[in-house]
Amino acid sequence: MRSAAARTTARIVGVIAIVVGAVWVGQGLGYLPGSFMTGNRTWFWVGLACVLVGLALLVTSRRRPVEPEDTTSP
């Protein structure tokens, strides 16, 4: 990601994805009661995927942009 705005947006979306995914994992495993998702293993897998996407966004957003090579020198 080249622009600071894109990196900031990716970080925000990544953190939100991790939090939402963690809640879904907790519901899927039955740790957070009170929802139709409680105890349904499908939500564990969906939540885990969401957490992994969030982590990937955070890792990607932390990479520095590649500097263009100087092609003007002989």
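If you take every residue apart from residue 61 with its C-beta less than 10 Å away from the C-beta of residue 61, what net charge results, scoring Lys and Arg +1 and Asp and Glu -1? Charge balance near residue 61 sits at +4.
If the segment from residue 53 to residue 15 were pulled out straight at 0.36 nm per residue, it would be longer than the present Cα-Cα gap by 12.7 nm. Per-residue ellipticity at 222 nm, computed for the chain from helices alone with -39500 (n - 2.57) per DSSP H run of at least four residues, works out to -22500 deg cm²/dmol. Sequence-distant contacts, meaning Cα pairs under 8 Å at least 6 residues apart, place the relative contact order of the chain at 39 percent. Positive end of the dipole of the chain (Cβ unit charges, origin at the Cα centre): among 50, 16, 35, the Cα lying farthest that way belongs to 35.
P(r) tail for the stretch 2-55: Cα pairs beyond 16 Å make up 44% of the total. The long axis of helix 4-28 is offset from the longest Cα principal axis of the chain by roughly 20 degrees.
Where a number appears in this text, it was derived from the coordinates with a stated rule and is not lab data. Since the model is a prediction, treat every value here as computed from it, not as a measurement. Cβ sites come from the backbone with ideal geometry, for glycine too, and all protein chains shown count toward neighbours.
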